[in-house]
Structure formats: structure tokens, C-alpha cells
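The values are calculated or read from the model by the stated rules, or taken from the named source; none is laboratory data. Quick caveat: nothing in here was measured; it's all calculated off a predicted structure. Here Cβ is always computed from backbone atoms with ideal geometry, including for glycine, and neighbour counts include all displayed protein chains.
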Amino acid sequence: MSKFYEKGVRFERDLVTRFWDNGWAAVRAAGSGTVSFPVPDVLAVKGGRVILVECKVTKEDKMNFKKAVLSLKKFGLIANAKAYLAVKFLRKEPCFFDIDDMIIDERYTVSASDPCLSFEALIGQQKTL
């Protein structure tokens, strides 16, 4: 198993744990990238709300995720779920990008400096000042 693959798996597992720690039911779809149809890395559910997450880990400051976004959108439409791209840039907190916004804007490349949602904002528990 490559070190890069292990970091991705760890990110997915950590995300599942964070969902559970915040009162959500969540599962990781092991091998989601090896099947011929779209499958999200993480699926989380709470009170009828369903979130799909495609997780990516990168050493790069900028990457294009068009294929992953379009694939996840297909699953989200079938499941009637909200879908996000989660990117873990080197030495940064995970960034969550709403794939609907990415598709509307036709912007599939994200960078470490782009505005994004925090995990707390994603689950609706963002603290206010």
C-alpha cells in the first residue's frame, strides 16, 4: 500500500469519525475508486439530511477535480443528497467545496487559497462571534 493511498484512507476514516463525534451516522465506502460506477468516499446522514463526500489528499497547491465532481454529482442526483469535494492540502485543515457551485461556475480546479467550507460549516454547526 502506497504512502499516498494510506493518507487518503486516513483522511476518509478521520472524516467518518468527525461525523460520528458530531451526532451523524457515517460510513466510508472502501474501494470506492475501484468500481466502474460513481461511489462517494464517505456518506453521512442525520435527521433526513444526506451528505456525500469525495475525499482527496494532495501535496499540490492546486488541482483539477472535474472527473470526481461530475461522477459524484451523478450519485447525488440519484440519492437526492448534497455532495461535496473535500480536499486535504498539505499542512492545512480540510476544505469542503460544494460541487453544485463548482458545476454552475464550471470551475473544477481548486487551490489551497480558495474560499471553502470548514467541517463545522458543512454540518451546520459553525460558531458565530
Residue check, D21 of a type in the set (D, E, K, R) and within 16 Å of I123 (Cβ to Cβ): yes
Members of segment 37-48 that are closer than 9 Å to A26 by Cα and buried (at least 19 other Cβ atoms within 10 Å of the Cβ): V42, L43, A44
Helices (runs of 4 or more DSSP H) wholly inside segment 49-129 containing at least 1 residues that are surrounded by fewer than 18 Cβ atoms within 10 Å (Cβ to Cβ) and over 15 Å from the mean Cα position of the chain (by Cα): 66-79, 99-105
Pair list, Cβ under 7 Å, 6 or more apart: segment 4-24 residue at pLDDT 95 or above and of a type outside the set (D, E), other residue crowded, with 16+ Cβ neighbours inside 10 Å and assigned to a helix (DSSP H, G or I): R18/F119
